[in-house]
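Here's the structure, in structure tokens; my notes come after.
FYI, it's all coordinate maths here, none of it is from the lab. All of these numbers come straight from a predicted model, not from anything done at the bench. Cβ placement follows ideal geometry from the backbone for every residue including glycine, while neighbour counts extend to all protein chains displayed.
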Amino acid sequence: MFTSIIHPHGVIRSLGYIRLSTGFPRSTGAIIFENHWAIWAAMLLLAIAAIWRGINTRQALVRNIGGVILAVTMIWILTATLVVTPHERLVNANDAIISAAAHDDVPAVMRYISHRAIFGQWKYAQIQSGLANRLKAIHITGNIIRSMTVHMQAGQAVTHVVIWTSTRDYGPVITSWRFVWQDHPRPGNWRIREVDLLAINGRRTRPDAVIPLPR
């Protein structure tokens, strides 16, 4: 992580933030608490323009309207920064897993895996050891999420993720995955309870497939 001057948002998050539960209305949470940088930028520009015009033309009403817009925008940004919606937590969890795999960080991946998780023929302990073996054999040099779809309902979610992976010895690999998630109230994190590897380089895998060893 960079310094606080470069990433104040990260510092705020590290100090503490509010995690919304999956019971909170998703549409309301998305409107109020998720990031809307384009809208915020437009509101800030409008506020600055109104304040500037009000000062130059000595129109107190215009200046005050600009001040109100500025205050509302700043409060909205601060609120959205401090509150994390279930959708944001889910997207962040997917990103964290993909990034951890690229860095061969098995413990970081397993933090998002339920102890009751199933991955093809593997259960939790086999997932941990199998993932470690596969990552060492594949030598990943980079992971990029090409697409991700999210379906959430009543504390559960399903994500379909297509990942472009660059490897040191085997070139690029494109895989398609299905993750089934469960949201745990404490500590308020999503955990994977089922993993399905759907396709490798456009070829569908069998239903109980796990990560194959390189040939």
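Structure notes:
- Interatomic Cα distance distribution for the range 124-215, bins of 5 angstrom, percent: 3, 12, 19, 23, 22, 13, 6, 2, 0
- For the pair Asn133 and Thr28 in one chain, pulling the backbone fully straight at 0.36 nm per residue adds 33.5 nm over the alpha carbon distance.
- The label-point distance for Gln126 and Arg191, in a model that sets each label 7 Å from Cα toward Cβ, rounds to 2.0 nm.
- Note on the chain: GNM, Cα springs under 10 Å; of Ala38, Ala154, Ala108, the largest mean-square fluctuation is that of Ala38.
- 222 nm mean residue ellipticity, helices alone, for the chain (DSSP H n ≥ 4; -39,500 (n - 2.57); rounded to 500): -14500 deg cm²/dmol
- With a cut-off of 12 Å between beta carbons, the residues surrounding Ala199 carry a summed charge of +3, where Lys and Arg count +1 and Asp and Glu -1.
- Contact order relative to length of the chain, as percent, for alpha carbon pairs under 8 angstrom and 6 or more apart: 17
- Remark on the range 42-107: hydrodynamic radius 14.7 angstrom, per the Kirkwood mean of 1/r across alpha carbon pairs.
- Nearest-ten-degree value, helix 37-57 long axis tilted from longest Cα axis of the chain: 10
- FRET efficiency, Trp164 to Trp40 (Cβ-Cβ, R0 35 Å, nearest 0.05): 0.70
- For the chain, alpha-carbon Rg over 2.2 N^0.38 Å: 1.30
- Extended-chain gain in nm, criterion 0.36 nm per residue less alpha-carbon gap, Asp208 and Arg19: 64.6 nm
- Neighbour-count order for Trp122, Trp40, fewest beta carbons within 10 angstrom listed first: Trp40, Trp122
- Fewest-first sequence of His36, His103, His115 by Cβ atoms within 10 Å of each Cβ: His115, His103, His36
- What the Cβ-Cβ distance of Arg146 and Trp52 gives, at R0 = 45 Å and to the nearest 0.05, is a FRET efficiency of 0.55.
- Local electrostatic count, Ile51, Cβ distance below 13 Å [Lys/Arg +1, Asp/Glu -1]: +3
- Annotation: the residues Asp196, Asp105, Asp169, Asp208, sorted from fewest to most other C-beta atoms within 10 Å of their own C-beta, follow the order Asp169, Asp208, Asp105, Asp196.
- Principal-axis tilt of helix 86-102 within the chain, Cα atoms, nearest 10 degrees: 50
- Of Thr175, Thr22, Thr149, the one that fluctuates the most in a GNM where the chain has Cα springs shorter than 10 Å: Thr149
- Between helix 124-138 and the chain: long-axis angle, C-alpha atoms, 0 to 90°, nearest 10: 90
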